[in-house]
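J.: Sharing a structure below in structure tokens format, with a few things to ask.
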2 protein chains.
Amino acid sequence: MKADPAPTDPAGPACPPGLPAVAMAGPASHAVSRVARLHRIAAGKVLKGVGLYPGQEFVMMHLWEAGPVRQSELIKAVELDPSTVTKMLQRLEQAGHVRRRPDPADRRAVLVEASDASCGLLAQVERAWGELERHTLAGLDEDERAELLRLLAKVEENLCTETAECPERRAAQG
Amino acid sequence: MKADPAPTDPAGPACPPGLPAVAMAGPASHAVSRVARLHRIAAGKVLKGVGLYPGQEFVMMHLWEAGPVRQSELIKAVELDPSTVTKMLQRLEQAGHVRRRPDPADRRAVLVEASDASCGLLAQVERAWGELERHTLAGLDEDERAELLRLLAKVEENLCTETAECPERRAAQG
DNA sequence: ACCCATTTCTTGGCCGACCAAGGTAATCTT
DNA sequence: AAGATTACCTTGGTCGGCCAAGAAATGGGT
């Protein structure tokens, strides 16, 4: 085994090293994965000063924007798995960023809202998020930015539909 | 606090619903996050039939390609945290996809190689990865694909350098 | 009224991924 | 040769994220 069916074959590879096999099998997928990881790390850094972990900003943003909402509504909004949101909210609550109370109108539902203390973070998060955006798009002119957004939207559409069929699809228009 | 109690507030919002605040604060970052998540889910689906979890394909690809390698070499190649690779390898080993043995030449190092049985997966993984790529890029013509790749590369470069300074930077050229 | 389906949330389990800290072995320094 | 530094890997902890399965309440159908 141990390859030799392999790229770095004795005779000398057709393609120069530096291009891993995975990059050849799917350059765009490879790029997406790499960018995603780096972007998440960068998000973690700018959010660190705010006391949030990457991913939580989406939840908090929605809560700041929408006020007290039913948890199911929040789940639809952020388009994450319910269990993910549950655990995230448990941590956010413990950190004092969020308050939860049972919905009087529907005893199985839970109302969620941003804590008073957390509201001071809104501006910080927006600043951090803006910095992340600037850092991400540095060196891209307006056309390139627009094009990137357009292409990413297309890719998102692809990944949502077709064979994979996105779990929460029609949540968009509300 | 609590913004204005209600989600659909009485006065009517300044901006139409459907554009979450987070999308306004950083549209590209938002798009990257969403695409990343969907892409990972899609990867998980195509890899499920192969018995791999998303992320593991990078490791396996490198092992198939390079044969037995020192773990540190593998870590540099996939550009992940050492602890991440360690735990991943433990699971891959337990699943029978990978073999590990101490390096006789350096008693603190570990040699890793793809198991004989795993080599049958190479073709499947490449097919799955190809399918993922096709799915991701569906509806994009050649120019758009090239442009997307170019822009993602620029973004990756951005996120690697500057304020964030990518942990494993010079690993590129070898 | 009753039973069944649906909605809503939680729990447990598992993975990828990070950081921080530790232990061992090789290497560099003095 | 002894000591300090570095390289290599592991462990433990924490998070986001998924799935599968479950408890609880609501709502519909007959």
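J.: Does residue A:57 count as within 13 Å of chain B (Cβ to nearest Cβ), among the charged types (D, E, K, R), within 13 Å of the chain's Cα centre (by Cα) and crowded, with 19+ Cβ neighbours inside 10 Å?
T.: Working: within 13 Å of chain B (Cβ to nearest Cβ): yes; among the charged types (D, E, K, R): yes; within 13 Å of the chain's Cα centre (by Cα): yes; crowded, with 19+ Cβ neighbours inside 10 Å: yes.
Yes, satisfied.
J.: Note down all Cβ pairs under 7 Å where the first residue falls in segment A:75-88 and is facing another protein chain (nearest Cβ under 10 Å), the second is near DNA strand C (Cβ under 8 Å from one of its atoms) and not aromatic (Phe, Trp, Tyr), and they're at least six residues apart or on different chains.
T.: Partner pairs satisfying both residue conditions: A:78/A:85.
J.: Among the residues of segment A:54-107, write down those that are acidic (Asp, Glu) and near DNA strand D (Cβ under 7 Å from one of its atoms). Walk me through it before giving the result.
T.: Step one: list which residues in segment A:54-107 are acidic (Asp, Glu), which gives A:57, A:65, A:73, A:79, A:81, A:93, A:103, A:106.
Once the filter is applied, which keeps residues that are acidic (Asp, Glu) and near DNA strand D (Cβ under 7 Å from one of its atoms), segment A:54-107 yields A:81, A:106.
J.: Of the residues A:32, A:110, which is at pLDDT 95 or above, surrounded by fewer than 20 Cβ atoms within 10 Å (Cβ to Cβ), more than 8 Å from DNA strand D (Cβ to nearest atom) and aliphatic (A, V, I, L, M)? Lay out the reasoning, then the answer.
T.: Values: A:32 fails: surrounded by fewer than 20 Cβ atoms within 10 Å (Cβ to Cβ).
Step by step, each of A:32, A:110 is checked, and only A:110 is at pLDDT 95 or above, surrounded by fewer than 20 Cβ atoms within 10 Å (Cβ to Cβ), more than 8 Å from DNA strand D (Cβ to nearest atom) and aliphatic (A, V, I, L, M).
J.: Any idea how many residues of segment A:81-111 are within 10 Å of DNA strand C (Cβ to nearest atom) and assigned to a helix (DSSP H, G or I)? Write out each step before concluding.
T.: If we filter segment A:81-111 for residues that are within 10 Å of DNA strand C (Cβ to nearest atom), which is where we start, we get A:81-90, A:93, A:100, A:102-103, A:106-111.
Now narrow it down to the ones that are assigned to a helix (DSSP H, G or I): A:82-90, A:93.
Total satisfying the criteria: 10.
The values are calculated or read from the model by the stated rules, or taken from the named source; none is laboratory data. Computed from a predicted model, the values in this text were never measured in an experiment. Note that we place each Cβ from the backbone using ideal geometry, even for glycine, and neighbour counts take in every protein chain shown.
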